[in-house]
Amino acid sequence: MTRINDKIDIKSLLPEELSALLKEMGQPGYRAGQLFSWLSGGCGDWEEMTNLPKTLRTALSESSHLYAPKVLRRQESAQDGTIKFLWELYDGNAVETVVMRYHYGNTVCISSQVGCAQGCAFCASAIGGKIRDLTASEMLDEVIWSEKESGLPVGHIVLMGIGEPLDNFDNVMRFLELVNHPRGRNIGMRHISLSTCGILERFDDLAERDLQLTLSVSLHAPDDETRSRLMPANRGRGVDELFRKCGEYYRRTGRRISFEYAMIDGVNDSPEQAELLARRVKPLGAHVNLIPLNHVDERRFEPSSPESLRRFTEILTKNGVNVTVRRRLGSDVDASCGQLRRKTVRETK
Ligand code: SAH
């Protein structure tokens, strides 16, 4: 059971765990359902839970931590309606959530950690390192509060914000259980994507859970030299081992993997790299998602030219690889990982 400031992190409990807790407090069985409804609805104040007796509310407020994130900043894209929130957490830290409008429905992109320990050379989230993991309840709050504040019902979730989800495995798994719960937000696993830089030690644990979610692997280069230069997570693991583990995951779960590939000018966008990439992903029947690099002030990389992007895509397609080029939503609101938090940290220092 997660504890925050020595109190029970109540919003991270599943209905059966709430039942056990309330039973210990001498409460009737139906109270757990009432409490779970309040919590999964985002309620951050015991006083609002008016169908619970006052004595119970007081007892819970003494034993349990309850918090609702506050909006520090909100930016809305004039181009495509993408909304980005910067939230203040209970301890004064801040994380970002982005709400994107796609033709198939609204998608929320959530953060899993405050900062990130992975150190990818092109990513804004890595600057300043990892401060701490988010709790399951904080990730759930990102979904609930983005929906409340934007007024947009959310049907899809991507774990592609700040942080490395597989480096916060237990909390992320619990968050998935909570958000997927039929009596909670009830968001289907098929509507959830989890993105990782490739923490291979966790692939078996994830496969074991046999979740119907989509695993996205941030590849960004098909060769060790480039990948290790861009992504420290590749060092000591290597691209061969990454693909071996991806193959295993695919065979065990039957779920196709999606590879993310940020196109960086003169670094990973050569025709040879496209050929190698095609050879690597083909046996996995995997999907490749090309993302024109988002410019980050502190980073020296630039996006590939439209011409390189076109040539790269053509080579993949010619080799029978299923490829899409991601639309850049919210580029006028710093909507790439960690940029808004970064900017705010910079401005207030
Ligand atoms: N840590 C996880 C999830 C967070 S990042 C992971 O690495 O997958 C979500 C995606 O955005 C990753 O594919 C990441 O590599 C990519 N990304 C980070 N900075 C970017 C930038 N400046 N431009 C384009 N994509 C970027």
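Tabulated results
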| quantity | calculated |
| --- | --- |
| Selected from LYS148, LYS11, LYS130 as most flexible by GNM, with the chain as the system and alpha-carbon contacts under 10 Å | LYS148 |
| Shape category assigned to segment 3-65 from the gyration tensor of Cα positions, a/c cut at 1.5 | rounded |
| Structure-based [θ]222 nm, the chain - -39500 (n - 2.57) summed over DSSP H runs of at least 4, per residue, nearest 500 | -10500 deg cm²/dmol |
| Per-residue ³J(HN,Hα) for segment 86-103, Karplus 6.51 cos²θ - 1.76 cosθ + 1.60, θ = phi - 60°, Hz, x for Gly and Pro | 10, 9, 9, 8, 4, 9, x, 6, 10, 9, 10, 9, 10, 10, 10, 9, 10, 4 |
| Radius of gyration and maximum dimension Dmax of the chain, Cα, Å | 21.1, 69 |
| Listed residues GLY26, GLY41, GLY128, most fluctuating in the chain (Gaussian network, C-alpha, under 10 Å) | GLY26 |
| Area of SER270 that stays accessible when all protein chains are in place (1.4 Å probe, Å², to 10) | 30 |
| Test item: Cα-centred dipole of segment 3-65, Lys/Arg +1 and Asp/Glu -1 on Cβ, debye | 120 |
| Estimated distance in nm for a label pair at SER37 and ASN5, the labels positioned 7 Å out from Cα along Cα-to-Cβ | 2.9 |
| GNM top mover of SER112, SER146, SER63 - the chain, alpha-carbon springs below 10 Å | SER63 |
| Local electrostatic count at SER150 - Lys and Arg +1, Asp and Glu -1, tallied over other residues with Cβ under 11 Å | +1 |
| Nearest-20 debye value, the chain charge dipole, Cβ charges on Lys, Arg, Asp, Glu | 500 |
| Over segment 40-91, relative contact order from alpha-carbon pairs under 8 Å, at least 6 apart, % | 29 |
| Length-normalised contact order for segment 3-65 - Cα pairs under 8 Å, 6+ apart - percent | 44 |
| Largest to smallest accessible area among VAL325, VAL143 [probe 1.4 Å] | VAL325, VAL143 |
| The chain - percent of accessible surface contributed by carbon and sulfur, probe 1.4 Å | 47 |
| Contact order relative to length of the chain, as percent, for alpha carbon pairs under 8 angstrom and 6 or more apart | 15 |
| Net charge, LYS23 excluded, C-beta distance under 12 Å - Lys, Arg +1, Asp, Glu -1 | -2 |
| Solvent exposure, largest accessible area first (probe 1.4 Å, DNA, RNA and ligands not counted), of SER37, SER195 | SER37, SER195 |
| Rounded accessible area of THR50 (nearest 10 Å², 1.4 Å probe) | 100 |
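The values are calculated or read from the model by the stated rules, or taken from the named source; none is laboratory data. Just so it is clear, the structure is predicted and the values come from calculations on it, not from any experiment. Using ideal geometry, Cβ is built from the backbone for each residue, glycine included, and neighbour counts are taken over all protein chains shown. The accessibility values were calculated without ligands, DNA or RNA, using every heavy atom of the protein model including side chains. Shrake-Rupley method; radii C 1.70, N 1.55, O 1.52, S 1.80 Å.
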